[in-house]
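*Asks:* The structure follows.
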Amino acid sequence: MEKEPKVAPDTQEVLEKYDKDAMTRQFDKKSVIWIVAIISVLYSLFHVYMVFNPMPALQQRAIHVAIGLVLVYMLYPMFKKQDRTRLPVLDWILTGLSLMTAVYIMVEYQAIVTERGGIPNTLDIIVGIMTVLLILEAARRVTGIILPILALVFLAYPFISHMDFLPTMMLTRPYSPGDIFGQLYLSTEGLYSTAIGASVNFIFLFILFGAFLQKSGMGQFFNDLAMALAGANKGGPAKVAVVSSGFMGSINGAAVANVVSTGAFTIPLMKKVGYNKNFAGAVEASASVGGQILPPIMGASAFIMAETTGINYGVIALAALFPAILYYFAVIMQVHYRAGKRNLQGIPKADLPRVKEVMVERGHLLIPIVGLIVMLFLNFPIPRAAVFTLFLTVIVAMLRKTTRMSPRDVFDALANGAQQALSVMIACAVVGIIIGVVSLTSFGAIMTSAIASLGAGSLFLTLFFTMIASMVLGMGLPSIPAYIITATMAAPALAEFGIPVLLAHMFVFYFGIFANVTPPVALAAFAGAGISGGNPMTTGFQALKLSIAGFLIPYLFIYEPALLMVDTEGLMSNAREYPLANFVDVGIVVVTSLIALTGLAAALEGFFKEHINILFRIILAVAAMLSIVPETYTDIIGVSIVILILGMNYLKWKRTEQFA
C-alpha cells in the first residue's frame with residue numbers, strides 16, 4: 001500500500017521541519033510498504049478488540065508500546081539525511097528487540113506478579129534497560145531531542161539522589177538499578193503508567209476516529225462550512241482559519257500538523273486579501289493550538305483529565321465550554337479589528353459555497369460527533385463510545401457518494417490512524433519514565449514544595465510560578481503528554497491553597513497547551529511562518545498576542561470558578577463532584593469577560609470602528625485588565641471605561657460616516 005500524501009510537497013517540507021513525526025520513510029519496495037501497512041492495520045484492530053476483550057493492564061500496555069516501537073523503527077530514519085527508501089539492517093534489529101519487550105512481559109507475567117512479587121531479577125533489569133533505551137531513541141526520532149533529554153535528567157536523579165552535593169530537600173535513600181528499572185519496566189507506575197494507559201484506552205482510539213473523519217471528508221466540510229459562514233465578512237479568510245482550525249484541532253489534538261494541513265488552505269487566502277504574512281501564520285497557529293481546549297473532544301485531553309482526576313467527563317466538558325468560547329472570541333475580535341484597521345475585505349460571495357449546499361453535501365458527517373457527545377453524556381464507557389463512533393462514521397459516510405468510504409479507504413484509515421498515533425504513544429512512554437521517577441523518589445512533592453516556597457504564601461505568586469513550570473514542561477511537547485507532566489509535577493502545588501482539583505488541572509492544562517505559541521519554542525507558530533513565508537520569531541510573538549486570552553482565562557477561572565459553571569464553595573481540594581454554579585454568577589462573569597476581551601482586543605490592535613490613539617489604547621488595556629480582576633468595584637470601573645472609550649470611538653466613526 002503506497003502511503004497517501006497528506007499535504008502538498010512544499011507544506012510537507014514545513015511539516016517535517018517543525019513536526020518531526022511527519023518525517024517518515026517512503027519505501028521503494030512494495031513488499032515493505034505492505035508489511036508496514038498490515039502491521040499498522042493490525043495495531044489499530046488490536047485496540048478496537050481490547051475495548052471489548054481487555055487484558056491485564058501491564059500486558060496490554062506492553063503490547064501497545066512494543067508494536068508502536070516496531071512501527072517507529074520501521075517508519076522513522078535514524079538521521080534526517082538518511083536514505084528513506086529502504087530499511088537498514090540496524091532498524092530491522094531494533095524492531096525485533098522492540099517486539100521482545102512485550103514478549104518478555106507476556107511470557108514472564110505470572111512470575112513477575114506472583115513468584116517475584118515485582119522484585120526484578122538480573123534478566124528483568126537487562127530487558128528493562130533495553131526497553132528504556134529503545135523508547136528514548138524512538139522518542140528522539142519522532143519528537144526531537146528535548147523530551148529524551150528531559151527524561152534522562154529525571155532518570156539520572158535516583159542514581160545521585162543520595163549524594164551530599166544535592167540540596168537537603170532533594171536527598172533520598174540510595175536506589176539500586178533493580179529499584180529503578182523494576183519500577184520503570186515491571187509496574188504500571190513507570191513506562192506503562194497512566195500516561196500509556198491513556199494512550200491505549202483513549203488517545204489511540206480518538207486519533208483513529210480523526211483518521212476516519214478525515215477520510216470521509218470532514219476536513220473539507222469544516223473548511224467549506226467556515227467559508228460559507230464567515231468568508232464574505234471583513235477579513236473573512238482569517239475568520240475561516242479560526243473556525244475551521246479550531247474544530248479540526250479539537251478532534252485531532254495535533255497543533256503543528258493542524259497548522260500545516262489547514263494552513264495550506266487558509267494562509268494563502270489570508271495573504272491574498274491583504275493580511276501580513278506573519279499575522280496570517282500567527283492566526284493559524286493560535287486557532288490550531290486553541291482547538292485542544294475546545295469541547296467536546298479537546299484533542300482527547302478531556303478524557304485524560306477525567307481518567308487522571310476521577311471527575312466525570314461531562315463535568316469537564318461543560319467546565320471547558322465558556323473558557324474556550326472566550327478564547328476564540330478574543331482571537332476573532334483581534335482578527336476583525338485588524339481587518340477593519342487595514343480595510344481588508346472578505347471573499348466575494350459568488351466565490352463562496354452556500355451553507356445549505358455544504359450541509360446537504362456533507363452535513364451528515366456531524367452525526368458521529370453528535371452521537372459521540374450523546375453517548376459520553378449518557379456515561380457510556382469512553383473507549384466503547386469511541387469505537388461505536390468509528391462504526392457510525394463508516395455507516396453515515398455511506399449516505400452520500402462524495403463521502404462514501406470504500407474498503408480501501410477503511411484500510412487506509414486504519415493504517416493512517418495507527419501511524420498518526422505513534423508520536424503521542426512514544427511521548428506518553430517517555431512521560432512514563434518521568435512519572436516512574438517521581439513516584440519512586442517523591443520528586444513531585446519536592447517540586448510542589450519548591451513552587452509553594454517561591455510563592456511565599458501568596459496564591460497569585462504560586463499561580464504565576466505554576467504557570468512558568470507548566471510552560472517550561474510543556475515546551476515542544478504534544479498537548480496530552482504536556483498535560484500529564486504538568487498535572488503530575490505542577491498542579492499539586494495549588495492544592496496547598498485549597499484549589500479544587502478540577503480548577504488546578506484546567507490551569508496547568510491551559511499553560512502546557514499554550515507553550516506551543518510561546519517563543520522561543522513556539523512550534524505551532526514556527527510552522528505557520530513556514531507556510532506563510534514569515535519570520536518565525538515575529539510570527540511567534542504575533543501568535544502570543546493573538547492568544548493573550550489563553551494566558552488570562554486560567555487566572556480568571558481560579559478566582560471566579562463560575563466561569564467553569566461550577567460552585568466550589570466549601571469543596572475540598574480533592575473534590576470529584578461539583579455542583580452547578582448559580583446562572584446569574586455565570587452570566588455576570590461571562591458578560592464582563594466578553595466586554596474586557598473586546599476592550600483588550602481593541603487596545604492591542606488600536607482600532608474600534610476608527611483608529612484609537614496610543615493614550616486611549618493604554619487606558620483601554622488597563623480598563624480591560626481591571627474588568628478581569630475578580631472584584632465588583634474593579635469590574636464596574638473597568639467595564640465602564642471600556643464602554644466609554646469604545647462608545648466614543650463609535651460616535652466618532654458615526655460622525656465620519658455622516659460627513660463622508
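*Asks:* Can you tell me which residue in region 104-128 is most open to solvent (accessible area, probe 1.4 Å), limited to those that are assigned to a helix (DSSP H, G or I) and in contact with a Leu (Cβ under 9 Å, 6 or more places away or on another chain)? Please lay out each step first, then the result.
*Replies:* Taking region 104-128 as the starting set, the residues that turn out to be assigned to a helix (DSSP H, G or I) are 104-115, 122-128.
Those still in the list that are in contact with a Leu (Cβ under 9 Å, 6 or more places away or on another chain) too: 104-105, 108-109, 112-113, 124, 128.
Numbers: TYR104: 29, ILE105: 0, GLU108: 50, TYR109: 40, ILE112: 3, VAL113: 70, ASP124: 2, GLY128: 0 Å².
Result: VAL113.
For (1) surrounded by fewer than 16 Cβ atoms within 10 Å (Cβ to Cβ); (2) of a type in the set (Phe, Trp, Tyr); (3) modelled with pLDDT of 90 or more; (4) within 36 Å of the chain's Cα centre (by Cα), each residue gets a yes or a no:
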| site | (1), (2), (3), (4) |
| --- | --- |
| ALA602 | no, no, yes, yes |
| THR632 | yes, no, no, yes |
| ILE636 | yes, no, yes, yes |
| VAL642 | no, no, yes, yes |
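*Asks:* Separate question: Considering each residue of region 129-146, count those that are outside any helix (DSSP H, G or I) and either farther than 25 Å from PRO77 by Cα or out of contact with any Gly (no Cβ under 7 Å at 6 or more places or on another chain) (or both), and give that number.
*Replies:* 1
*Asks:* So is LEU87 in contact (Cβ under 8 Å) with a residue 40 or more places away in the chain, crowded, with 16+ Cβ neighbours inside 10 Å, over 31 Å from the mean Cα position of the chain (by Cα) and within 21 Å of ILE38 (Cβ to Cβ) or not?
*Replies:* So LEU87 fits the description; yes.
*Asks:* Within the bounds of region 492-500, is there any residue that is over 13 Å from the mean Cα position of the chain (by Cα), under 17 Å from ILE548 (Cα atoms), part of a helix (DSSP H, G or I) and modelled with pLDDT of 80 or more?
*Replies:* no
*Asks:* Given the conditions (1) closer than 25 Å to ALA257 by Cα; (2) surrounded by fewer than 24 Cβ atoms within 10 Å (Cβ to Cβ); (3) in contact with a Gly (Cβ under 7 Å, 6 or more places away or on another chain), report the number of the one that VAL438 does not fulfil.
*Replies:* Among (1) closer than 25 Å to ALA257 by Cα; (2) surrounded by fewer than 24 Cβ atoms within 10 Å (Cβ to Cβ); (3) in contact with a Gly (Cβ under 7 Å, 6 or more places away or on another chain), the lone unmet condition for VAL438 is (1).
*Asks:* Read through the list (1) open to solvent by 70 Å² or more (accessible area, probe 1.4 Å); (2) of a type in the set (Asp, Glu); (3) out of contact with any Ser or Thr (no Cβ under 7 Å at 6 or more places or on another chain), then give the number of the only condition that ASP28 fails.
*Replies:* For ASP28, the failing item is (3).
*Asks:* Does THR403 meet the test of being under 29 Å from VAL315 (Cα atoms) and among the hydroxyl-bearing types (Ser, Thr, Tyr)?
*Replies:* no
*Asks:* Next up: Can you tell me which residues in region 153-167 are over 19 Å from SER470 (Cα atoms) and part of a helix (DSSP H, G or I)?
*Replies:* Just the residues of region 153-167 that are over 19 Å from SER470 (Cα atoms), to begin with: 155-167.
Listed by number, the residues that qualify are LEU155, ALA156, TYR157, PRO158, PHE159, ILE160.
*Asks:* From the residues in region 375-424 that are open to solvent by less than 10 Å² (accessible area, probe 1.4 Å) and touching a Lys or Arg at 6+ places or on another chain (Cβ under 8 Å), which one is modelled with the lowest pLDDT?
*Replies:* THR403
*Asks:* Within region 523-552, which residues are buried (at least 24 other Cβ atoms within 10 Å of the Cβ) and β-branched (Val, Ile, Thr)?
*Replies:* ILE531, THR539
Okay, residues lined up against (1) farther than 17 Å from LEU644 by Cβ; (2) surrounded by fewer than 16 Cβ atoms within 10 Å (Cβ to Cβ); (3) of a type in the set (Val, Ile, Thr):
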position: GLU569; (1), (2), (3): yes, yes, no
position: SER573; (1), (2), (3): yes, no, no
position: VAL586; (1), (2), (3): yes, no, yes
position: GLU605; (1), (2), (3): yes, no, no
position: LYS609; (1), (2), (3): no, no, no
position: ILE612; (1), (2), (3): no, no, yes
position: ILE618; (1), (2), (3): no, yes, yes
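*Asks:* Looking only at region 520-534, how many residues end up being closer than 11 Å to ALA282 by Cβ and outside any helix (DSSP H, G or I)?
*Replies:* Total meeting the criteria: 2.
*Asks:* Test of understanding: among VAL51, VAL41, VAL65, VAL70, which residue is touching a helix residue (DSSP H, G or I) at 6+ places or on another chain (Cβ under 6 Å) and modelled with pLDDT under 95?
*Replies:* VAL51
*Asks:* Here is a follow-up. Between residues in region 202-221 that are closer than 15 Å to GLN419 by Cβ and residues that are part of a helix (DSSP H, G or I) and among the basic types (Lys, Arg), which pairs lie under 8 Å by C-beta distance while being six or more apart or on different chains?
*Replies:* Filtered contacts from region 202-221: no entries.
The values are calculated or read from the model by the stated rules, or taken from the named source; none is laboratory data. Everything quoted here is computed from the prediction, not taken from an experiment. Positions of Cβ are backbone-derived with ideal geometry, glycine not excepted, and every protein chain shown enters the neighbour counts. In case anyone asks, the SASA skips ligands and DNA or RNA and just uses the protein heavy atoms, side chains included. Shrake-Rupley method; radii C 1.70, N 1.55, O 1.52, S 1.80 Å.
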